[in-house]
1. Which condition from (1) more than 18 Å from the chain's Cα centre (by Cα); (2) closer than 24 Å to ALA153 by Cβ; (3) charged (D, E, K, R) is the one that ASP190 breaks?
2. Just give me the residues in segment 185-205 being in a helix (DSSP H, G or I), touching a residue at least 60 places away in the same chain (Cβ under 8 Å), of a type outside the set (Val, Ile, Thr) and under 18 Å from ARG165 (Cα atoms), in sequence order.
3. Out of everything in segment 107-156 that is in contact (Cβ under 8 Å) with a residue 12 or more places away in the chain and among the basic types (Lys, Arg), what residue ends up being farthest from GLY64 (Cα to Cα)?
4. What pairs come out if I take residues in segment 43-66 that are more than 15 Å from GLU30 (Cα to Cα) and pair them with residues that are among the charged types (D, E, K, R) and assigned to a helix (DSSP H, G or I) whose C-beta lies under 6 Å away, six or more apart or interchain?
5. Check whether at least one residue in segment 125-146 is out of contact with any Pro (no Cβ under 6 Å at 6 or more places or on another chain), outside any helix (DSSP H, G or I), in the same structural domain as VAL78 (by TED's automatic domain parsing) and surrounded by fewer than 17 Cβ atoms within 10 Å (Cβ to Cβ), and report yes or no.
6. List the helices (runs of 4 or more DSSP H) that sit entirely inside segment 1-115 and contain at least 3 residues that are buried (at least 19 other Cβ atoms within 10 Å of the Cβ) and under 22 Å from the mean Cα position of the chain (by Cα).
7. Under 8 Å between Cβ atoms, at least 6 apart or on separate chains: pull out the pairs that start in segment 69-91 with a residue that is in contact (Cβ under 8 Å) with a residue 24 or more places away in the chain and more than 18 Å from ILE154 (Cβ to Cβ) and end on any residue that is among the β-branched types (Val, Ile, Thr) and surrounded by 13 or more Cβ atoms within 10 Å (Cβ to Cβ).
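The values are calculated or read from the model by the stated rules, or taken from the named source; none is laboratory data. All figures in this text were calculated on a predicted structure; none of them were measured in a lab. Quick reminder, even Gly has a Cβ in these numbers, built from the backbone with ideal geometry, and neighbours come from all protein chains shown.
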Amino acid sequence: MTTPPTRSRENTRARLLDAAALVFAEVGLEGATVEVVCERAGFTRGAFYSNFESKDELFLTLAGTVAEARLGAVREQVTALAADGALERYEPVELVQRIMDASGDDRLSVMLMSEIRIRALRDQAFGAAFLAQEHEMVASISEIIREIVDSGAITLRMDPQLVARVLMIVWEGMAVRGAMAGEDDTQLHDTSGEAIGRLVQVLMA
């Protein structure tokens, strides 16, 4: 029985993304060449270029995949808390920390996003693609915030879209500084969660 073309393509892309993550962890963005990623994934360059136009597209897709996995976990956590009636029971800091429990902060993803931002600063086309992806992420975060606001758990001083951008900037900034300070994954998670919780308190009406 043969694998359908669409599923085969999805599997190839997934294996290339997994290989890219492993190679990045070992040698960083600059060292993760197309050849090295292909070798790790067990594919030819032809297979790579039938799925991605360039290494830039590969790593931008990887960053988006990591971000979407985080947001998906956060969405599930909010849904579970709402179904349990827990959104209204917790104080803002504790509520945010419980939501952030699902975010999965880790040093590797912090390093990946940091190097991608540097790449975006150096290349205008890549930067435009990164900003477009970031805009989608902010929109997704704002949807989650609107769901919490609509539940009556909190009332905010600003529009959820602006709150989402502020929270994302602080979240990423705290994670980067925590990584610089040598914090492990658990410490990164706790540091970011507490900072976001305190900020939500300030932004509440």
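1. That leaves (1) as the condition not met.
2. Scanning segment 185-205 gives SER192, GLY193, GLU194, GLY197, ARG198, GLN201.
3. Per the stated criteria, the residue is ARG146.
4. ASN51/ARG13
5. No: segment 125-146 contains no residue that is out of contact with any Pro (no Cβ under 6 Å at 6 or more places or on another chain), outside any helix (DSSP H, G or I), in the same structural domain as VAL78 (by TED's automatic domain parsing) and surrounded by fewer than 17 Cβ atoms within 10 Å (Cβ to Cβ).
6. Filter on segment 1-115 gives 5-31, 55-83, 92-100.
7. Short answer, once both residue conditions are applied: LEU71/ILE141; LEU71/ILE144.
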